[in-house]
Structure formats: structure tokens, C-alpha cells
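Just below is one structure, and these are the notes that go with it.
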Amino acid sequence: MPKRLTKRGDQRTPLGGSWDVIVCGASFAGLTVARQLAGSEARVLVLDRYAIGERQTSACGIPTEWLRVMGLEASARQEFGELVVHTPHGTTRYQLPWTFSTFDYRQLCELLWAQCDAEFETAKVNGRSGETVRTDRGDVSAPLIVDALGWRRILASDGGYQPPDAPLSRGLEVHPEGGSDDLEIWIDRRYVPAGYGWSFPARDEQRIGVGSFDPRFHVKDTTVLLADDLERAPVRYQGNWIPHKLRAGTEDEIFFVGDSGGHCLPLTAEGIRTAFYFGIKLGDELREVVEGRQDREAALREYAQFVDSHEWKFRWLLRAQRLVPKLPARAQRAVIRACGRKRFVDWAFGHYLRIAPPEFAGSPPRPRDAREPVATAA
Ligand SMILES: Cc1cc2nc3c(=O)[nH]c(=O)nc-3n(C[C@H](O)[C@H](O)[C@H](O)COP(=O)(O)OP(=O)(O)OC[C@H]3O[C@@H](n4cnc5c(N)ncnc54)[C@H](O)[C@@H]3O)c2cc1C
């Protein structure tokens, strides 16, 4: 069972007041925005219903270089230079031009938080009116409000998406003990008609799951089936909806980032590095505001345009997401094998990485001990 760190009972004192920036959501996207504001002297409040790092939200796999440029390498658990793709008609090993790593969620969040100088409070965000965010502990306000709350897009005026009638995929995984040397995916209708199964080893833990592009397909039984096939126990479940369509970066003077902005990539459901990428851009725009170099309207415009400029990349991936499941199984196998040639893999994975390239993050941050102390979450 995950250890409960969230404030309860007497600790849940009323919350109120004003800040320069309120970041709702303390996972990949929200913590990245707060990190970009560190040292700006802005008063930044980060809110989450759980303590930082308490509830893992993904299989935690990412191109390794993103961990390095963000100063998060210490959270890495296992590194892979190959991706093993299984179909019912054969297996192909892709030699990747860059490596992929799994990491520990709690440790990564703590490392990100150590790069911030914001205040943190555990509170459930219920909604917003104007510059006021309503939480279960009271109302807080700021002229700059960020929704990094995940796919629900809670602070949107239309109330967000309602599954299953929304462009959402469904993902579920189990976290048994055990290990493996291979990063593996399965494109196999036995597990899911449209989507894929995965096994992401993380040293002494294996993250085994199934993602369905069709939100109506329930993945619980086939997640158990895949775990059984790998002779692993289906224990410690973790799952969520995964948005697969890019959305407007701003709405009603609110900034949306990470899954709330639809920043998870279609086809692969990779949403961590894009949460970092768009979080960096948003944090930098907000910093320009709090340091007096632009006004809020300029930041809203700039960030919205930046997000929109990525629309065609997301659209192409979404097309591929719709096309691949329609191919007969043998054609899928033929395509996967043909795509396994080294030159093609280098080209395709190079382009794929450049959708949200690690160079965007700039240099790794300086070591923590060179800075002022920060407030802790627990
Ligand atoms: C099973 C599964 C496996 C995945 N594996 C990978 C992977 O290996 N690699 C990858 O790149 N992507 C993966 N993804 C996608 C990835 O998890 C998301 O794209 C990513 O987590 C988005 O980050 P985020 O910060 O926007 O949102 P989240 O990580 O979802 O964080 C949202 C935060 O908001 C908080 N919150 C939500 N509602 C409220 C509220 N009302 N009040 C207060 N706080 C609230 C939550 O507690 C959470 O901390 C996976 C997704 C799933 C479902």
C-alpha cells in the first residue's frame, strides 16, 4: 500500500490568501512550471490533493537525456538501448538511437520539488471563478493560474472531458516485484484491439500494463492476462485516462499544461517529457510576467501560439494511432519488421524525439546546496 502523506484531520487547516502564481497539480507538468519560476521572487503556490510524489501517475519511462537535462538522473532505475516489439507473428528488436530509462516517481518528484522555491499545500481543487481557485480547504487567488491537474482539465469553463465520450485512451498497469533486461511492447489483439501492452522493468519492479486507444475497451482483464503470460503477479494497480488530442493552451485566462492541455503524444501515450517541455515554456512565459517584462495577455498569447504550433505533429501521430489498429495482423507485423532497419529506426526515432527535444530544457540546474532552503511538502 502507498504510504499516506496527505494532510488529514487537524492538519487540514483553512487555506486562503493571494499569490502571484497558483499552480494546480504537483506532478510532472505542475512541478516543472514551478521550477522555472524559482529565483524569480514571485510568490508561487502549488496545490495537489496528495503530497508531492505520493501517487504514481505513470509507468515512468522517458528518454534518458530528459532526466539528465532536468537534473533528475538520480531517480533513474533502468536504462534501455533496445525496444522489443512483439506481435502474434514475430518479434523485432529496435536498436534505438538514444536510450530510454525508467525512474522512481516519488524520487523524481522530490528532485523536481528541490529545484523549486514555491509553497506547497495539499488541497483538492474543486473549480474556479475569475482569479479565485476553490479548494476543499478554502479559496485562494492569483492573477496567474495554471491547470496542471491532468486530463480532467478541471479549471476549464466547459467542465472538461467526460469519458468515454471524449478523445481519451485508457491505461492500466500492475507493479509486481521482479525484473527483466528488456523494454517490451505487444501489438496483439489478444491484449487489446487498438493499443498496446507493455513491460517496463524498473530494477526490482516490473510495470506491466495495457493501453487502449478506444476508451470503451476495458483493459483490466487483459492487463491480468499479460501479467500472467509473463508469470508476474497482478498486484499494485495504477491506471488512468490518457488524453490523445492536443487542446487549446489557454482558455478564460487560465494556462493548461501536461495532460490538461492534451500534451500526451498520441500513438505512444508518452506524456512525461511533453509535460516537462510545455511546462518549461509556460514557466518561462510566466516568469517574464512576474519579472515585469511582459503582461499576462502577452503570456497567454505567446503560450497559446507555442502550443498551437505543435498541432500538426500531434495530428499526424493521431492519424497513425487510428491507422495502425486497422491493419491486418500480418500487415502490422510486416510494417514493424520493415521499420526495424537501423537507418529507418534512427530517422524515425530521431524525428519522434524532436517533437519535444531534450535540448529545449537548456543546461542541467546547479546543485541544490548552492541555493536557499525550500519549504518541504510533508
Ligand atoms: C498506466 C499509464 C502508464 C503511463 N506510462 C507512461 C510512461 O511510461 N511514459 C510517459 O511518458 N507517459 C506515460 N503515461 C502518460 C503520463 O502518465 C501522463 O501523460 C503524465 O502523467 C501527465 O503529467 P501531468 O503532470 O500533466 O498529469 P498527472 O501526472 O496526471 O498529474 C496530475 C496531478 O494533479 C493532481 N490532481 C488531480 N486532480 C486534482 C484535484 N481535483 N485537486 C488537486 N489535485 C489534483 C493529481 O494528484 C496529480 O498529482 C502513462 C499513463 C498511464 C495511465
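The values are calculated or read from the model by the stated rules, or taken from the named source; none is laboratory data. In this text the structure is predicted, and so the values were computed from the model without any measurement. When we count neighbours, we look across all protein chains shown, and the Cβ atoms used for this are built from the backbone with ideal geometry, even at glycine. We work out accessible area using only protein heavy atoms, side chains counted, and drop any ligands, DNA or RNA first. Shrake-Rupley method; radii C 1.70, N 1.55, O 1.52, S 1.80 Å.
Return the FRET efficiency for the residue pair Arg12, Glu119: r is the Cβ-Cβ distance, R0 is 25 Å, and the value is rounded to the nearest 0.05.
Values: r = 16 Å, r/R0 = 0.63.
Result of the calculation: an efficiency of 0.95.
Over the Cα atoms, compute the radius of gyration (one decimal) and Dmax (the largest Cα-Cα distance, rounded to a whole number) for the stretch 276-359, in Å.
Answer for the stretch 276-359, Rg first and Dmax second: 18.7, 59 Å.
At q = 0.16, 0.19 Å⁻¹, what is the base-10 log of I(q)/I(0) for the stretch 115-174 according to the Debye formula with one equal point scatterer per Cα and no solvent? Please give it to two decimals.
Per q value, in the given order, log10 I(q)/I(0) is -0.66, -0.84.
Quick one: dipole size for the stretch 244-370, taken about the Cα centre, charges +1 on Lys/Arg Cβ and -1 on Asp/Glu Cβ, in debye to the nearest 20.
The calculation lands at about 1380 debye.
Convex hull volume of the Cα atoms in the chain, per residue, in Å³?
That works out to 133 Å³ per residue.
Pairs of alpha-carbon atoms within less than 8 angstrom and 6+ residues apart define the contacts here; what relative contact order does the chain have, in percent?
Relative contact order of the chain: 21 percent.
Roll a 1.4 Å probe over the protein heavy atoms and report the accessible area of Lys342 in Å², nearest 10.
About 100 Å², ignoring ligands and nucleic acids.
Please give the helix 311-323 orientation as an angle from the longest Cα principal axis of the chain, in degrees from 0 to 90, rounded to the nearest 10.
Roughly 30 degrees between the two axes.
Rounded, prolate or oblate, given the Cα gyration tensor of the stretch 39-157, with a/c below 1.5 counting as rounded?
Working: a/c = 2.94, a/b = 1.97, b/c = 1.50.
It comes out prolate by the Cα gyration axes.
Between Asp295 and Arg319, what is the label-to-label distance in nm when each label sits 7 Å out along the Cα-to-Cβ direction?
Between Asp295 and Arg319, the label points sit 4.1 nm apart.
Which angle from 0 to 90°, rounded to the nearest 10, does the C-alpha axis of helix 272-290 make with the longest principal axis of the chain?
20 degrees
Would you mind getting the Kirkwood hydrodynamic radius of the stretch 137-290 from its Cα pairs, rounded to one decimal in Å?
Averaging 1/r across every pair of different Cα atoms and inverting gives 16.9 Å.
If R₀ is 25 angstrom, what is the calculated FRET efficiency for the pair His89 and His351, using the beta carbon separation as r and rounding to 0.05?
It comes out at approximately 0.40.
Mind listing which GluC sites (Glu not before Pro) in the stretch 26-112 are in a DSSP loop and have 12 or fewer other Cβ atoms within 10 Å?
Counting only loop positions with at most 12 other Cβ atoms within 10 Å, the GluC sites (Glu not before Pro) in the stretch 26-112 are Glu41.
Calculate, for Glu231 and Asp158, the FRET efficiency according to 1/(1 + (r/R0)^6) with r their C-beta to C-beta distance and R0 45 Å; round to the nearest 0.05.
Once rounded, the FRET efficiency stands at 0.50.
Find how many whole Å separate the alpha carbon centroid of the stretch 145-199 from the alpha carbon centroid of the stretch 261-275.
10 Å
Taking a probe of 1.4 Å, how large is the accessible area per residue of the stretch 34-154, in Å²?
Each residue of the stretch 34-154 exposes 35 Å² on average to a 1.4 Å probe.
Under a no-solvent Debye model with one identical scatterer per Cα of the stretch 251-306, what's log10 I(q)/I(0) at q = 0.18, 0.20, 0.30 Å⁻¹?
Evaluating at q = 0.18, 0.20, 0.30 Å⁻¹ gives log10 I(q)/I(0) of -0.59, -0.70, -1.19.
Counting only protein heavy atoms and using a 1.4 Å probe, what share of the accessible area of the stretch 48-89 belongs to carbon plus sulfur, as a whole percent? All intermediate terms of the calculation are to be shown ahead of the outcome.
Details: 630 of 1490 Å².
Exposed carbon and sulfur together represent 42 percent of the surface.
So how strong a dipole does the chain carry about its Cα centre when Lys and Arg Cβ are +1 and Asp and Glu Cβ are -1, to the nearest 20 debye?
Charge dipole, the chain, about its Cα centre: 1220 debye, nearest 20.
Hey, for a label at Glu131 modelled as a point 7 Å past Cα toward Cβ, could you say which residues of the stretch 231-263 have their backbone N under 19 Å away?
251-256
Antiparallel DSSP bridges in the chain: what percent, to the nearest 5?
Close to 70 percent.
Rounding to the nearest 10 and keeping the result within 0 to 90°, find how far the Cα-based axis of helix 220-229 lies from the longest principal axis of the chain.
Taking the Cα atoms of the chain, the angle to 220-229 is about 50 degrees.
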